[in-house]
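Student: Can you read through this structure? Questions will come right after.
The values are calculated or read from the model by the stated rules, or taken from the named source; none is laboratory data. These figures come from a predicted structure and were not determined experimentally. We place every Cβ from the backbone using ideal geometry, glycine too, and count neighbours over all the protein chains shown. Note: areas computed on protein heavy atoms with side chains; ligands, DNA, RNA excluded. Shrake-Rupley method; radii C 1.70, N 1.55, O 1.52, S 1.80 Å.
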Amino acid sequence: MEETSKSHELDDYFTSAMALTESGVPRVPTRYILPPSQRPMLSPSIATDTISLPVIDLSLLHDPLLRPCVIHEIELACKGFGFFQIINHGVPSSVVNDAVDAATRFFDLSADEKMHLVSNNFHDPVRYGTSINHSTDKVYYWRDFIKHYSHPLSKWIDLWPSNPPCYKEKMGKYAEATHVLHKQAIEAISESLGLEKTYLQEEIEEGSQVMAVNCYPVCPEPEMALGMPPHSDFGSLTILLQSGQGLEMMDSNKKWVSVPYIEGALIVLLGDQIEVMSNGIYKSMIHRVTVNKDFKRLSFASLHSLPMQKKISPAPQLVNEDRPAAYGEFSFNDFLDFVSSNDITQQRFIDTLKK
Ligand code: OGA
Ligand code: NI
């Protein structure tokens, strides 16, 4: 009996991508090697200088004369790409740099220090892990992460890492700033769909925010592996900070396009809840993460969602005879149940809702 439970614990133990890089492995271990058709080099990314991806100056939203133009730019970006980069977004660079510093220090802690936060239960409010789910993934992804519920901050912050000591304060400031930004972005996106700016107001106030702090260490064979598999985010919007290039989007021709790194910019990605709410006028962005030999990349994905149990369905204003409701309703909780028992690299959650 004791034997069995011990070997079970050992099965659950994992080696982080960070530990592999630090040990100097010359090649990626077999469990990280993707089937040939999924390797990034066999589906090469389009050089971004050939197409122009949307960058929006968010400060112009506050100018009543310019707001309609910006809303129109947002509409084009959402229809054409499912994401846009934002500049002049109001999150001070000191807040960003402090949060990057706290995350860097967290991942630099010893394996033992981080291990007590390990969890592969998707419902846990704080989880440290590697890949997507180390106990069930068939192929591993070259990523370590710490994810924590972040809104309302006072409810969750005590559960966050207490090491490094600056973590709670620095990451907390960044989480609060992105929560404000999410509200502005949702208002603009609602308007761009011809809805009231306040269409989702109540849901946003009570909604959830999960901060996924990702670390993609230097990888010895980046052509064989990925940092994250192709997926869309389940929530309303994701506000993403990347410390260097690595994010790729799937375009309408199913080609991978690299999203350029713009210093100081943040990226707004449409999630499945917006696809459903917009009745498919906007699509959630399918994206993946590549890794590289030269630098460690950090990213913060602030995953915003409507309240846990709240069912979201197409906005009645966007449903008519010509455009009947194309999706069934779902909640964040339904999504968590789905990912707990399904392999998201095989099937997208949103496809299970399509009518
Ligand atoms: C995510 C995600 C992208 C990145 O965490 O859902 O897509 O660049 N992250 O890390
Ligand atoms: Ni994502």
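Student: Considering only residues that are within 16 Å of ligand 2 (Cβ to nearest atom) and assigned to a loop (DSSP other than H, G, I, E, B), which ones fall in the stretch 283-314? Reasoning before the result, please.
Tutor: If we filter the stretch 283-314 for residues that are within 16 Å of ligand 2 (Cβ to nearest atom), which is where we start, we get 283-291, 297-305.
Matches in the stretch 283-314: Lys283, Ser284, Met285, Ile286, Thr290, Val291.
Student: Does the stretch 173-180 include one or more residues that are touching a residue at least 12 places away in the same chain (Cβ under 8 Å), more than 16 Å from ligand 2 (Cβ to nearest atom) and over 20 Å from the mean Cα position of the chain (by Cα)?
Tutor: So far as the stretch 173-180 goes, no, none of its residues is touching a residue at least 12 places away in the same chain (Cβ under 8 Å), more than 16 Å from ligand 2 (Cβ to nearest atom) and over 20 Å from the mean Cα position of the chain (by Cα).
Student: Does the stretch 179-226 hold any residues that are within 29 Å of Phe295 (Cβ to Cβ), within 16 Å of ligand 1 (Cβ to nearest atom) and in contact with a strand residue (DSSP E or B) (Cβ under 8 Å, 6 or more places away or on another chain), and which are they?
Tutor: His182, Gln209, Val210, Met211, Ala212, Val213, Asn214, Cys215, Tyr216, Pro217, Leu226
Student: Separate question: Any chance the stretch 279-287 includes a residue that's within 16 Å of ligand 1 (Cβ to nearest atom) and under 18 Å from Asp124 (Cβ atoms)? Even if it seems obvious, please write down each step before you answer.
Tutor: If we filter the stretch 279-287 for residues that are within 16 Å of ligand 1 (Cβ to nearest atom), which is where we start, we get 283-287.
Those still in the list that are under 18 Å from Asp124 (Cβ atoms) too: none.
No, the conditions are met nowhere in the stretch 279-287.
Student: Of all residues in the stretch 187-203, which are within 27 Å of Val126 (Cα to Cα) and either free of Cβ contacts under 8 Å to residues at least 40 places away in the same chain or surrounded by 22 or more Cβ atoms within 10 Å (Cβ to Cβ) (or both)?
Tutor: So in the stretch 187-203, the residues within 27 Å of Val126 (Cα to Cα) come out as 200-203.
The answer is Leu200, Gln201, Glu202.
Student: Just to be sure before I move on: is Leu270 open to solvent by less than 30 Å² (accessible area, probe 1.4 Å), away from ligand 1 (no atom under 12 Å from the Cβ) and under 26 Å from Ala99 (Cβ atoms) in the structure I sent? Break it down into steps so the answer makes sense when it comes.
Tutor: Values: open to solvent by less than 30 Å² (accessible area, probe 1.4 Å): yes; away from ligand 1 (no atom under 12 Å from the Cβ): yes; under 26 Å from Ala99 (Cβ atoms): yes.
Taking the combined requirement at face value, the residue satisfies it.
Student: Kindly indicate which of Tyr167, Tyr141 is of a type in the set (Phe, Trp, Tyr) and either under 17 Å from the mean Cα position of the chain (by Cα) or within 16 Å of ligand 1 (Cβ to nearest atom) (or both). Working first, answer last.
Tutor: Details: Tyr167 fails: either under 17 Å from the mean Cα position of the chain (by Cα) or within 16 Å of ligand 1 (Cβ to nearest atom) (or both).
On inspection, the qualifying residue turns out to be Tyr141.
Student: Of the conditions (1) surrounded by fewer than 24 Cβ atoms within 10 Å (Cβ to Cβ); (2) in contact (Cβ under 8 Å) with a residue 12 or more places away in the chain, Glu263 fails just one. Which one is it?
Tutor: It fails just one condition, (2).
Student: If you don't mind, there's one more thing I want to ask. Hey, any hits in the stretch 251-258 for a residue that's within 12 Å of ligand 1 (Cβ to nearest atom) and either of a type outside the set (D, E, K, R) or over 27 Å from Tyr32 (Cα atoms) (or both)? Outline the logic, then answer.
Tutor: First, pick out the residues of the stretch 251-258 that are within 12 Å of ligand 1 (Cβ to nearest atom): 258.
Filter once more, so that each one left must be either of a type outside the set (D, E, K, R) or over 27 Å from Tyr32 (Cα atoms) (or both): 258.
Yes, the stretch 251-258 contains a residue that is within 12 Å of ligand 1 (Cβ to nearest atom) and either of a type outside the set (D, E, K, R) or over 27 Å from Tyr32 (Cα atoms) (or both).
Student: Also, quick follow-up: What pairs come up if the first residue lies in the stretch 236-257 and is touching a residue at least 40 places away in the same chain (Cβ under 8 Å), the second is among the charged types (D, E, K, R), and their beta carbons are under 6 Å apart, counting only those six or more places apart or on different chains?
Tutor: Ser243/Arg297; Gly244/Arg297; Gly246/Arg297; Glu248/Arg288; Trp256/Glu248; Val257/Asp251
Student: Cβ contacts < 7 Å: first residue of a type in the set (Ser, Thr, Tyr), restricted to the stretch 113-131; second residue in a loop (DSSP other than H, G, I, E, B), any location; separation 6+ or different chain. Result?
Tutor: Tyr128/Leu117; Thr130/Phe14; Thr130/Ser16; Thr130/Arg143; Ser131/Asp137; Ser131/Tyr140; Ser131/Tyr141; Ser131/Arg143
Student: What is the number of the single condition among (1) farther than 23 Å from Ala265 by Cβ; (2) open to solvent by 10 Å² or more (accessible area, probe 1.4 Å) that Asp233 does not meet?
Tutor: Just one mismatch for Asp233, condition (1).
Student: Moving on. Go through Thr130, Thr178 for me and flag whichever is within 30 Å of His62 (Cβ to Cβ), crowded, with 18+ Cβ neighbours inside 10 Å and among the β-branched types (Val, Ile, Thr).
Tutor: Values: Thr130 fails: within 30 Å of His62 (Cβ to Cβ).
Only one candidate passes the filter, namely Thr178.
Student: Scan the stretch 288-324 residue by residue and report those that are open to solvent by less than 40 Å² (accessible area, probe 1.4 Å) and away from ligand 1 (no atom under 16 Å from the Cβ).
Tutor: If we filter the stretch 288-324 for residues that are open to solvent by less than 40 Å² (accessible area, probe 1.4 Å), which is where we start, we get 288-292, 297-307, 312, 314-315, 318.
Correct list: Leu306, Pro307, Ile312, Pro314, Ala315, Leu318.
Student: Does Gln317 meet the test of being away from ligand 2 (no atom under 16 Å from the Cβ) and touching a helix residue (DSSP H, G or I) at 6+ places or on another chain (Cβ under 7 Å)?
Tutor: On the way: away from ligand 2 (no atom under 16 Å from the Cβ): yes; touching a helix residue (DSSP H, G or I) at 6+ places or on another chain (Cβ under 7 Å): no.
So Gln317 does not fit the description; no.
Student: I've got another one for you. Can you name the condition, by its number, that Asn279 falls short on among (1) within 16 Å of ligand 2 (Cβ to nearest atom); (2) more than 25 Å from His179 (Cβ to Cβ); (3) without any contact (Cβ under 8 Å) to a residue 60 or more places away in the chain; (4) of a type in the set (S, T, N, Q)?
Tutor: Only one criterion in (1) within 16 Å of ligand 2 (Cβ to nearest atom); (2) more than 25 Å from His179 (Cβ to Cβ); (3) without any contact (Cβ under 8 Å) to a residue 60 or more places away in the chain; (4) of a type in the set (S, T, N, Q) is unmet by Asn279, namely (1).
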